[in-house]
Amino acid sequence: MVIEKICCLGAGYVGGPTCSVIALKCPNIKVTVCDKSVERINQWNSDKLPIYEPGLDDVVRQCRGKNLFFSTDIAQGIQEADLIFISVNTPTKTFGNGKGRAADLKYVESAARMIADLATSNKIVVEKSTVPVKAAEIIMKILRANTKPGVNYQILSNPEFLAEGTAIVDLIEAERVLIGGEDTPDGQKAIQELCWVYEHWIPAKNILTTNTWSSELSKLAANAFLAQRISSINSLSAVCEATGADVSEVARAVGRDSRIGPKFLEASIGFGGSCFQKDILNLIYLCECLNLPEVAAYWQQVLNLNDYQKIRFTRKVIESLFNTVTDKNIAVLGFSFKKNTGDTRESPAIYVSQTLLDEGAKLNIYDPKVEPDQIMYELTNPYVTSEPEIVKKNVEIHDTAYSAVTGAHAIVLCTEWDEFKTLDFQKIYEVMMKPAYIFDGRKILNHERLQNIGFHVQTIGKRLNRMPSNRAQGSQTMP
Ligand code: NAD
Ligand code: UDX
């Protein structure tokens with residue numbers, strides 16, 4: 001079979017960009033991205049896409065209406081497609097068996113059932129969502145138990161490795177594409193057909209093929225390894241603050257060893273995003289089910305350390321402000337979980353903000369890309385607060401960093417947006433309450449310059465011993 005039509009179930013952070021790039025690179029393939037959310041599809045069909053991702057607008061503009069379509073007509077999408085990506089969300093279960101750890105596969109299951117109900121011809125079904133090992137078996141069971149005469153299915157695993165904020169580059173210049181399938185002639189044929197799609201732009205040597213279970217586990221493993229590096233460097237940031245070492249210098253020295261490498265060694269207020277925590281919990285649950293408690297405990301510690309880092313940072317903010325932030329104005333700069341995305345899922349800024357609010361602070365929040373409603377949604381969520389009205393009263397969302405910092409006792413920088421590096425801190429100092437504090441949770445500011453202006457500065461993984469030039473009082477270290 002030559003793939004002429006592709007359908008993707010799930011028009012989210014993965015389905016949207018991935019299929020847009022496939023459409024760009026494979027002009028002869030018709031790509032239809034379907035979602036059950038009418039609102040999301042309407043946004044994909046508008047000038048304001050539902051997600052902010054550098055370069056995405058351009059790709060969509062080039063292909064939409066030609067060979068790229070966004071639709072709620074799931075039936076048509078499924079029926080006409082030769083190959084179907086399942087790219088739906090796989091959140092952590094919030095109740096029942098495996099609550100708080102296992103991946104909730106209800107959306108994957110519903111996608112499989114839709115395919116089973118609607119398909120009238122052979123399909124290659126590709127698991128793009130991140131799933132526990134053996135999830136393909138669930139999809140297979142559903143499809144094969146409902147097969148209509150003359151309809152055959154092949155199930156592949158093709159996990160996605162893009163990172164938000166760099167998704168388009170990650171997709172266009174993918175270091176590797178991973179495809180897992182059954183070790184049968186039909187399974188191998190299906191793998192080759194998906195390889196053919198990617199070979200439109202990815203060198204064949206970068207396309208790895210394997211069996212289904214290895215492919216599924218590799219995705220969880222890759223995220224676990226990346227998160228583990230961040231927790232490792234964050235653990236050392238605490239040692240640096242206690243000893244006078246500088247975590248950036250330690251990362252530079254350690255990363256020079258080519259066996260270790262320099263990437264993903266940026267100490268921070270902790271990792272966020274929709275993937276790392278969820279996928280490690282997924283791995284932990286898998287290990288527990290496999291009766292491997294030591295392995296589960298090993299990966300659990302990566303998450304524990306991440307929580308510790310967020311708690312440690314926030315506690316220092318409060319302690320430095322004379323152990324009380326009640327009625328103090330605090331400017332929170334950055335709310336997304338990293339720069340160049342408007343995504344707030346598991347953003348460390350949520351924990352920081354929530355804790356400061358619980359302590360009675362008034363927050364002035366500014367983020368260049370997160371919509372105000374999204375910030376309010378995160379902070380008034382029942383998992384975060386039982387008093388949404390009080391939160392609404394104490395949170396103001398600002399259009400610029402300058403308006404957020406006016407009258408503030410402290411700035412808490414939570415996201416490493418480039419624009420924060422070039423703010424006029426002299427001007428900011430003048431409009432803040434004194435002593436003026438900056439807590440740089442991303443190590444992106446010029447601390448010496450800030451101290452020269454008169455700020456009390458604290459950051460991650462480095463003791464800033466020098467008093468500010470105006471000798472204002474305040475603790476300078478994170479003991
Ligand atoms: P998302 O929440 O942004 O998008 C998922 C979409 O699927 C939603 O719009 C939802 O309405 C839709 N959906 C759910 N069930 C459906 C159904 N039966 N039919 C049609 N649409 C349906 O999620 P995401 O961030 O795109 O993640 C999708 C998967 O990819 C997850 O498993 C995630 O772990 C994985 N992943 C995410 C990233 C990332 O950076 N976000 C990277 C790699 C892998
Ligand atoms: C991650 C993986 O990188 C990607 O391969 C996978 O497909 C999805 O999950 P994403 O969560 O979008 O991507 O972003 P990533 O760049 O990995 O950052 C995750 C979090 O770790 C962010 O909060 C980021 O600020 C933080 N981080 C990253 C650090 O604190 N230090 C680092 O050195 C790198």
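The values are calculated or read from the model by the stated rules, or taken from the named source; none is laboratory data. Everything numeric here is computed off the predicted structure, so don't read it as measured data. Backbone-built Cβ (ideal geometry, glycine too); neighbour counts: all protein chains shown. We work out accessible area using only protein heavy atoms, side chains counted, and drop any ligands, DNA or RNA first. Shrake-Rupley method; radii C 1.70, N 1.55, O 1.52, S 1.80 Å.
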- What number goes with the only condition from (1) under 28 Å from residue 286 (Cβ atoms); (2) modelled with pLDDT under 95 that residue 147 does not pass? (1)
- Message: Looking only at residues that are open to solvent by less than 30 Å² (accessible area, probe 1.4 Å) and acidic (Asp, Glu) in segment 347-381, which one is farthest from ligand 1 (Cβ to nearest atom)?
- Response: 367
- Note on the structure: Residue set 242, 253; condition more than 11 Å from ligand 2 (Cβ to nearest atom), touching a residue at least 24 places away in the same chain (Cβ under 8 Å) and hydrophobic (A, V, I, L, M, F, W, C); output residue 242
- Consider residue 329 against the criteria (1) away from ligand 1 (no atom under 16 Å from the Cβ); (2) of a type outside the set (Asp, Glu); (3) touching a Gly at 6+ places or on another chain (Cβ under 6 Å); (4) open to solvent by less than 30 Å² (accessible area, probe 1.4 Å): it satisfies all of them except one. Which criterion is unmet? (4)
- Task: Give the residues of segment 270-285 that are within 11 Å of ligand 1 (Cβ to nearest atom) and either buried (at least 23 other Cβ atoms within 10 Å of the Cβ) or under 8 Å from the mean Cα position of the chain (by Cα) (or both), sorted by residue number.
- Result: 273, 274, 275, 276, 279, 282
- Can you tell me which residue within segment 243-253, out of those that are modelled with pLDDT of 95 or more and either of a type in the set (Lys, Arg) or open to solvent by less than 60 Å² (accessible area, probe 1.4 Å) (or both), is nearest to ligand 1 (Cβ to nearest atom)? 251
- Considering only segment 269-292, state which residues are among the polar types (S, T, N, Q) and within 15 Å of residue 217 (Cα to Cα). 282
- Query: Is there a residue being within 16 Å of ligand 2 (Cβ to nearest atom) and surrounded by 15 or more Cβ atoms within 10 Å (Cβ to Cβ) anywhere in segment 391-412?
  - Reply: yes
- Considering only strands (runs of 3 or more DSSP E) wholly within segment 356-414, the ones with at least 3 residues that are out of contact with any His (no Cβ under 8 Å at 6 or more places or on another chain) and more than 30 Å from residue 446 (Cα to Cα) are none
- Which one of 41, 51, 29, 78 is closer than 25 Å to residue 138 by Cα and open to solvent by less than 30 Å² (accessible area, probe 1.4 Å)? 78
- Message: Between 293, 262, which is open to solvent by 50 Å² or more (accessible area, probe 1.4 Å), within 11 Å of ligand 2 (Cβ to nearest atom) and either farther than 25 Å from residue 13 by Cα or hydroxyl-bearing (Ser, Thr, Tyr) (or both)?
- Response: 262
- Selection over segment 180-190 where residues are surrounded by fewer than 22 Cβ atoms within 10 Å (Cβ to Cβ) and in a helix (DSSP H, G or I) yields a count of 5
- Among what's in segment 7-58 and is in a helix (DSSP H, G or I) and among the charged types (D, E, K, R), pick the residue that is nearest to ligand 1 (Cβ to nearest atom). 40
- Kindly check whether there is at least one residue in segment 151-172 that is farther than 30 Å from residue 57 by Cβ, assigned to a loop (DSSP other than H, G, I, E, B) and open to solvent by 20 Å² or more (accessible area, probe 1.4 Å). yes
- Message: Consider segment 259-302. How many of its residues are part of a helix (DSSP H, G or I) and aromatic (Phe, Trp, Tyr)?
- Response: 4
- For segment 324-342, indicate whether the set of residues that are among the charged types (D, E, K, R) and farther than 24 Å from residue 402 by Cβ is non-empty. no
- Message: Any residue in segment 409-421 that is in contact (Cβ under 8 Å) with a residue 40 or more places away in the chain sitting within a Cβ distance under 6 Å of a residue that is open to solvent by 40 Å² or more (accessible area, probe 1.4 Å) and in a strand (DSSP E or B)? List the pairs, counting only those 6 or more apart or interchain.
- Response: 409/329
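For (1) more than 16 Å from ligand 1 (Cβ to nearest atom); (2) open to solvent by less than 30 Å² (accessible area, probe 1.4 Å); (3) not aromatic (Phe, Trp, Tyr), each residue gets a yes or a no:
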position: 302; (1), (2), (3): yes, yes, yes
position: 311; (1), (2), (3): yes, no, yes
position: 314; (1), (2), (3): yes, yes, yes
position: 324; (1), (2), (3): yes, no, yes
position: 334; (1), (2), (3): yes, yes, yes
position: 337; (1), (2), (3): no, yes, no
position: 342; (1), (2), (3): no, yes, yes
position: 345; (1), (2), (3): no, no, yes
- Query: If we keep just the residues of segment 81-132 that are touching a helix residue (DSSP H, G or I) at 6+ places or on another chain (Cβ under 8 Å), part of a helix (DSSP H, G or I) and open to solvent by 20 Å² or more (accessible area, probe 1.4 Å), which is farthest from residue 275 (Cα to Cα)?
  - Reply: 118
- Any idea which residue in segment 192-234 is least open to solvent (accessible area, probe 1.4 Å), counting only those that are basic (Lys, Arg) and within 15 Å of ligand 2 (Cβ to nearest atom)? 219
- Item | In segment 441-459, the residues that are free of Cβ contacts under 8 Å to residues at least 60 places away in the same chain, outside any helix (DSSP H, G or I) and in contact with a helix residue (DSSP H, G or I) (Cβ under 7 Å, 6 or more places away or on another chain) | 444, 445, 454, 455, 457, 459
- Query: Given 174, 167, which one is of a type in the set (Gly, Ala, Ser), touching a residue at least 60 places away in the same chain (Cβ under 8 Å) and within 16 Å of ligand 2 (Cβ to nearest atom)?
  - Reply: 167
